[in-house]
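The values are calculated or read from the model by the stated rules, or taken from the named source; none is laboratory data. All values reported here derive from a predicted model rather than from experimental measurement. For neighbour counting, all protein chains shown are included, and Cβ atoms are generated from backbone atoms with ideal geometry for every residue, glycine included.
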């Protein structure tokens, strides 16, 4: 049986390259998304076996997209493509239900193997990601909680991308008043009270590109 794959990356050339690689290896690319929210919509409709997600995408990052995809398509295993090998990124991804963590500089040789492994139900990590760290996580060792909740991270990304409060409300499916409350809570949590500061913080933690 051919493994059905959804690709999500905001760079068309990257998607085309990955699609060519995967199809050459006998995998079936059934959908392509250019942002995190589109990836969720396609996952709900197509129910892929595996979703390969870039970490940094418009509207919704790969970690939060992965978390939502596992809710709308329970059969779908998620793989994150990223340049980041730091512990906090790996742990955050695993907590979101990501089953594969592939570094972009190793994507070509690793991705096909990662898809095969997560499809079979195992966890796949590129070389360079700390196996000891993941072992500790799987053993339920306590790790520091991230400074933001998933919802606050989503609001941060949208604000940093220049979305108005009304646009944030529409994208999140909440009222404008609720969106304003989320934004105020975010600023209080970070002790950052201007948009420029939120943009700098979002860049620093890898939510958006400079």
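Listed by position, the helices (runs of 4 or more DSSP H) enclosed by the range 62-150 that each have at least 1 residues that are closer than 26 Å to residue 34 by Cβ and either under 15 Å from the mean Cα position of the chain (by Cα) or modelled with pLDDT of 80 or more (or both) are 62-72, 87-95, 107-119. If you go through the range 165-198 and keep only what is outside any helix (DSSP H, G or I) and under 23 Å from residue 68 (Cα atoms), you end up with 173, 174, 175.
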